[in-house]
Amino acid sequence: LLHREQEIDHLAAVLSTALRGETPSNVFVYGQTGTGKTAVAKYIGREIEKINRRGTGIMQRVSHIYINCKIVNTTYGVLANIGNSFIRNWGEDLIPFTGWPTEKVYEQLKRRIDEVNGVAIIFLDEVDQLFYNSGDDVLYYLSSMNSDLSEAKISLIGISNDLRFTELLNPKVRSRLGEERITFKPYKASQLYDILVDRAESALKPGTWDDGVIRLCSALAAEENGDARKAIDLLRIAAEITDRDGASRIGEEHVRRATVQIERDVVSEVISDLPLQQKLVLLAITIENLAAGEKLITGEVYRTYNILARRLNMNVLTQRSISGMVSELDMLGIITAKLISKGRYGRTKEIALAVDPKLVRNVLQNDQILSELIGTLKGKALDGWKQISLI
Ligand SMILES: Nc1ncnc2c1ncn2[C@@H]1O[C@H](COP(=O)(O)OP(=O)(O)OP(=O)(O)O)[C@@H](O)[C@H]1O
Ligand SMILES: [Mg+2]
């Protein structure tokens, strides 16, 4: 795995401590999204398997378990999954997926790990999801398990792109989980370049790409946040656009268009994930924006929101709540809101849409509840929804 040799070596060192018979540390792996954390965990898993298949030796005693806590996010689920992965002989029953008291699952898990009598490396990827869903009980159990085991040893590798949750952990759990810390730094342009060349060679037809295109994609992704996923997406989408164009080579132009498309996809996703009331506020801003074509103030947005909410028979929130939602939309980068003074009339927010209004309309139209409302607006309004305030 390119440019993660140090991080892999560090994790391997933790493992070798265990193989020497010492108690291994738990490790907390932190890094922003797309810095290769999951890729490294899977790589180590594959290496361990390779060695196990090869036969004898000290590494025979190493096993690994990978759990994505976005999917398995309960205390019970995590314990049962780990326990079941230790079942060597077919005769033994699986831990059922529900029903046992947690204590019993924990006891079984411990017994099975001890029976195998080796070193178990347990990857908990996206471990923040486990915490947010189920608290820190399971992390408490697992991070202190070595003192309960008589033969075997485990090393817990928690992986996350979120540091906030670590501050919410019970201090004991926090220090145990983070006995060692590894931080994955964002990739630099030159590193992304190597990763992309590797990808291009295996995924793209020869002759359809060149050095310049790869350099551009890596520079753009490095500029933003050094996210390998972004860089790979950029190249992939540029290739798709090239294909659609019927062109034979990816050019700078295709990469530029790919950045626009990615940006649109991100905005669309943010908007479609908003709660309904907030979508309604955004709809109000968009309507006003199309009508006035300039900056709005909170009062205007509130008036339109009010009409829309009543038409949907929804609870009409106070202007104060709406103002809070406006700030959130601002933080998400969908609108800009600037506090201005209106002299003796006090202060208000000056609001402008920061994204393409047509994009907003299209995304909101996909909302089941809003699509009908938007449909009725279109008929009456000029070029969108100009006469909404008359409805
Ligand atoms: N060093 C690398 N060499 C090759 N491909 C890489 C490398 N690092 C990351 N990638 C690729 O980039 C993408 C994102 O990496 P990965 O999923 O490991 O990120 P992550 O750090 O786990 O991000 P998140 O915090 O969002 O889970 C994957 O497709 C992965 O295969
Ligand atoms: Mg990941």
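The values are calculated or read from the model by the stated rules, or taken from the named source; none is laboratory data. As the structure is a prediction and not an experimental result, all values here were calculated from the model. Cβ sites come from the backbone with ideal geometry, for glycine too, and all protein chains shown count toward neighbours.
Just one of the listed residues (150, 144) is in contact with an Asp or Glu (Cβ under 7 Å, 6 or more places away or on another chain) and among the small types (Gly, Ala, Ser), namely 150. Checked against (1) within 22 Å of residue 46 (Cα to Cα); (2) out of contact with any Ser or Thr (no Cβ under 6 Å at 6 or more places or on another chain); (3) within 15 Å of ligand 1 (Cβ to nearest atom), residue 184 passes all but a single condition, namely (2).
Out of 123, 97, one residue alone is free of Cβ contacts under 8 Å to residues at least 40 places away in the same chain and among the aromatic types (Phe, Trp, Tyr). It is 97. For residue 165, work out the one condition from (1) assigned to a helix (DSSP H, G or I); (2) within 16 Å of ligand 2 (Cβ to nearest atom); (3) touching a residue at least 40 places away in the same chain (Cβ under 8 Å) it doesn't fulfil. All conditions pass for residue 165, except number (3).
Looking only at the range 193-227, residues that are closer than 14 Å to residue 262 by Cβ and either touching a residue at least 60 places away in the same chain (Cβ under 8 Å) or of a type in the set (Ser, Thr, Tyr) (or both) come to 2 in all. Somewhere in the range 350-368, is a residue over 21 Å from residue 274 (Cα atoms) and either in the same structural domain as residue 337 (by TED's automatic domain parsing) or at pLDDT 75 or above (or both)? Yes, the conditions are met somewhere in the range 350-368. Of the residues 257, 229, the single one that is within 13 Å of ligand 1 (Cβ to nearest atom), part of a helix (DSSP H, G or I) and modelled with pLDDT of 95 or more is 229.
Counting the residues of the range 133-168 that are at pLDDT below 95 and within 16 Å of ligand 1 (Cβ to nearest atom) gives 5. Selection of the range 341-376 for residues being exposed (fewer than 12 other Cβ atoms within 10 Å of the Cβ), in a strand (DSSP E or B) and in contact with a Ser or Thr (Cβ under 8 Å, 6 or more places away or on another chain) yields only 347.
Test residue 212 against the criterion of being more than 25 Å from residue 157 (Cβ to Cβ) and surrounded by fewer than 16 Cβ atoms within 10 Å (Cβ to Cβ), and give yes or no. Yes. The set of residues from the range 177-201 being modelled with pLDDT under 95 and in a helix (DSSP H, G or I) comprises just one member, 177.
Among the residues of the range 1-49, those identified as assigned to a loop (DSSP other than H, G, I, E, B) and over 30 Å from the mean Cα position of the chain (by Cα) are 20, 21, 22, 23.
When residue 24 is tested against (1) on the phi < 0 side of the Ramachandran plot; (2) near ligand 1 (Cβ under 8 Å from one of its atoms); (3) not aliphatic (A, V, I, L, M), only condition (2) is not met.
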